[in-house]
Amino acid sequence: MAVETISKTPEVSLPISSDSITLRISRFNPKNDLSPIFAEFKVPIQKWTTVLEAILFVKQNLDHSVAVRYSCRQASCGSCGMRINGKPALACYTKISELNSNIVTVEPMHNFPIIRDLAVDFKQMFANHKKMKPYIIREDSEIASDTKEFLQTPEEVEKYLQFSYCIKCGLCNSACPTMATDESFIGPQGLAQAYRYVADNRDDGKKERLKIIDQSHGIWRCHFAGSCSHVCPKGVDPAMAIQLLRGYLLGFRK
Amino acid sequence: MTERMSNREGLKGMANPTRYGLERVAYWLQRLSGLGLLAYLIGHIYETSSIVNGKVAWDKMLELTQTTQGHLILTLVIGMCVYHTANGIRVMLGQGGIGVGKPGQPEYPYKAASLNYKQRLCIWVSIALAALAMMYGMAVLFGD
Amino acid sequence: MRESIIMKIHYGTALGAVALVTIHILFRMTQNFSESLQYQNVIANYHLLPYALMLEVVLILLSVHGFNGLRVILLELKQGIVYEKLINYGSIGAMAALIAYGSRTILMAGMGMS
Ligand code: HEM
Ligand code: SF4
Ligand code: FES
């Protein structure tokens with residue numbers, strides 16, 4: 001892979017910092033380029049500098065054209081997933097200091113089409129998410145005038161709470177071994193969300209959802225390799241959700 | 001071309017057991033051993049079919065397979081069979097939702113409950129059983 | 001067929017195979033390993049009806065399990081309507097072929113046609 005080295009010194013006066021690292025950013029524009037190249041930048045860091053901050057430093061001081069998606073900077077919006085030194089992680093949730101390396105390489109997540117540089121296309125993941133009917137399905141409604149709120153005990157909430165913490169960052173889908181080759185697979189993100197609603201005692205949509213996931217590129221393409229749960233930054237544990245969901249289909253659970 | 005545009009990791013990624021912990025290694029070994037066993041099954045059925053052609057044909061086949069190479073292959077098959085069976089039982093139970101942990105309130109640092117020590121222990125036990133069986137197999141095959 | 005039914009068959013054949021393959025291997029352990037492979041001894045095995053029947057069942061279970069496993073891997077490797085049809089029917093064909101070839105051995109050796 002060709003390496004283009006940009007050795008521009010920052011034009012601003014840097015904050016006093018003893019440390020700096022080399023940030024290698026994968027640059028690729030599918031409209032013009034045949035293959036990605038790496039651009040290298042010297043970036044000053046502090047103990048608390050995150051990978052996202054280092055990328056933003058480059059954008060502000062060295063090369064504004066680097067494409068990266070971010071918003072919340074606090075692991076809530078799910079925008080900044082990327083491969084950091086080869087492993088999928090949120091850039092805003094990964095401190096440079098915890099990588100123990102003077103060279104930090106950032107690349108777009110696998111298994112998603114590249115829009116440009118580090119920004120990838122979530123169309124398919126969102127479409128699969130929608131296919132799981134990610135909402136409470138039932139006849140009556142709590143909005144109608146003579147009905148009450150649907151109350152749940154703390155135990156009932158705990159059955160699905162962790163799965164509802166999914167921020168749709170796509171890291172799980174990028175780590176999954178089936179996703180690596182199967183373009184029709186729903187993926188761990190969607191399957192975990194199917195379970196989030198099936199496990200909610202206010203919901204009556206279990207049968208519908210089980211039917212959707214019981215297809216040739218549905219839940220059975222999961223082999224419990226656990227890579228999704230290995231990288232999930234929110235403790236969603238999609239692998240657990242998928243196996244619990246499959247328990248219904250195998251007759252282990254009712 | 002489409003591979004590049006979709007940026008799928010591809011076969012190389014699926015077949016790369018590093019990076020994602022022991023569970024991904026277990027998945028990789030289960031696949032490889034499954035394929036290896038299938039290849040052996042086909043070979044084994046071909047090999048034993050020689051019996052219908054009488055003693056001479058059978059003895060010729062034995063001569064071909066009862067060699068050092070043949071014994072090494074058989075040892076590998078023993079290991080694959082034991083690992084695939086033991087890990088297969090773990091995977092089956094896990095895929096039914098047994099031993100994958102209980103949902104709860106996620107707390108920092110958000111360790112996944114499904115990647116628990118029981119699962120990892122079962123994987124190591126499967127590997128250890130396969131190793132023991134291979135040693136026993138070697139003792140029987142090369143012992144006499 | 002719904003995928004859950006196929007995969008239940010996959011698990012069922014695996015569980016059945018665990019028990020029967022154990023018996024099959026133990027038959028090699030009843031005597032000294034290489035002795036158990038002597039022509040007369042193997043033929044005697046085939047003439048034992050319960051054992052021959054068990055071999056037939058093992059053959060069916062493992063062919064179905066093994067080729068369905070291969071089908072799963074191939075299905076995940078590449079997608080497309082024609083390709084997937086080919087894989088699905090191809091694996092059924094392969095199961096049938098292997099079962100037929102193995103049954104021929106069991107039948108002929110069992111009936112003493114050799
Ligand atoms: C006798 C005990 C056996 C057990 C308990 C067993 C169990 C399993 C299980 C649970 C799976 C599914 C794994 C997954 O979903 O990822 C599997 C896959 C597979 N098995 Fe077996 N199996 C056994 C024997 C065999 C034999 C003898 C063969 C060879 C003919 C074989 C070939 C395969 C193949 C090719 C796969 C697909 C691998 C994959 O999808 O990763 N298995 N086995
Ligand atoms: S399950 Fe976890 S890794 Fe997957 S999209 Fe949701 S938050 Fe991200
Ligand atoms: S910027 Fe929102 S998750 Fe990282």
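So which residues in the range A:137-196 are among the hydroxyl-bearing types (Ser, Thr, Tyr) and within 16 Å of ligand 3 (Cβ to nearest atom), if there are any at all? Selection gives A:165, A:174. Would you be able to say whether some residue in the range A:138-160 is within 12 Å of chain B (Cβ to nearest Cβ) and in contact (Cβ under 8 Å) with a residue 60 or more places away in the chain? No: the range A:138-160 contains no residue that is within 12 Å of chain B (Cβ to nearest Cβ) and in contact (Cβ under 8 Å) with a residue 60 or more places away in the chain.
Of all the listed residues (A:210, A:249), the sole one being over 22 Å from the mean Cα position of the chain (by Cα), surrounded by 16 or more Cβ atoms within 10 Å (Cβ to Cβ) and under 27 Å from residue B:29 (Cα atoms) is A:249.
Applying the criterion of at least 3 residues that are within 21 Å of residue A:188 (Cα to Cα) and within 13 Å of ligand 3 (Cβ to nearest atom) to the strands (runs of 3 or more DSSP E) found wholly in the range A:17-131 leaves A:81-84, A:87-90. Of note, residue B:83 satisfies the criterion of being more than 8 Å from every other protein chain (Cβ to nearest Cβ), buried (at least 18 other Cβ atoms within 10 Å of the Cβ) and assigned to a helix (DSSP H, G or I).
Counting only residues that are facing chain B (nearest Cβ under 8 Å) and of a type outside the set (A, V, I, L, M, F, W, C), the range A:213-250 holds 12 of them. Applying the condition of being near ligand 1 (Cβ under 9 Å from one of its atoms) and touching a Leu at 6+ places or on another chain (Cβ under 8 Å) to the range B:38-66 and asking which residue is nearest to the other protein chains (Cβ to nearest Cβ) yields B:38. For residue B:119, the requirement of being at pLDDT below 95 and either in contact with a Leu (Cβ under 8 Å, 6 or more places away or on another chain) or within 16 Å of ligand 1 (Cβ to nearest atom) (or both) is not met.
Cβ-Cβ distances below 8 Å connect the following pairs, each with a first residue in the range C:39-66 that is within 16 Å of ligand 1 (Cβ to nearest atom), a second residue that is part of a helix (DSSP H, G or I) and among the aromatic types (Phe, Trp, Tyr), and a separation of six or more residues or different chains: C:55/C:46. From the list A:74, A:60, the lone residue that is at pLDDT 95 or above, exposed (fewer than 14 other Cβ atoms within 10 Å of the Cβ) and closer than 22 Å to residue B:109 by Cα is A:74. Select from the range C:21-40 the residues that are of a type in the set (Asp, Glu) and either touching a Phe, Trp or Tyr at 6+ places or on another chain (Cβ under 8 Å) or over 16 Å from residue B:55 (Cβ atoms) (or both) and list them in ascending order. Matches in the range C:21-40: none.
Here the range B:102-134 is the region considered, the condition is being small (Gly, Ala, Ser) and surrounded by fewer than 20 Cβ atoms within 10 Å (Cβ to Cβ), and the residue that is nearest to residue A:231 (Cα to Cα) is B:113.
Here is a check on your reading of the model: is residue A:152 more than 16 Å from ligand 1 (Cβ to nearest atom), under 21 Å from residue A:232 (Cα atoms), outside any strand (DSSP E or B) and assigned by TED's automatic domain parsing to the domain that holds residue A:236? No. Counting the residues of the range B:17-33 that are part of a helix (DSSP H, G or I), surrounded by fewer than 17 Cβ atoms within 10 Å (Cβ to Cβ) and either free of Cβ contacts under 8 Å to residues at least 24 places away in the same chain or within 12 Å of ligand 1 (Cβ to nearest atom) (or both) gives 1.
Condition check: out of contact with any strand residue (DSSP E or B) (no Cβ under 6 Å at 6 or more places or on another chain), part of a loop (DSSP other than H, G, I, E, B) and among the β-branched types (Val, Ile, Thr). Does residue A:137 satisfy that? When the stated conditions are applied, residue A:137 passes them. Taking the criterion of being more than 25 Å from residue C:69 (Cβ to Cβ) and within 8 Å of ligand 2 (Cβ to nearest atom), the residues of the range A:206-234 that qualify are A:231, A:232, A:233, A:234.
The values are calculated or read from the model by the stated rules, or taken from the named source; none is laboratory data. The structure presented is a predicted model; accordingly, all values stated were derived computationally and were not measured. Don't worry about glycine lacking a Cβ; one is built from the backbone with ideal geometry, like all the others, and counts go over all protein chains shown.
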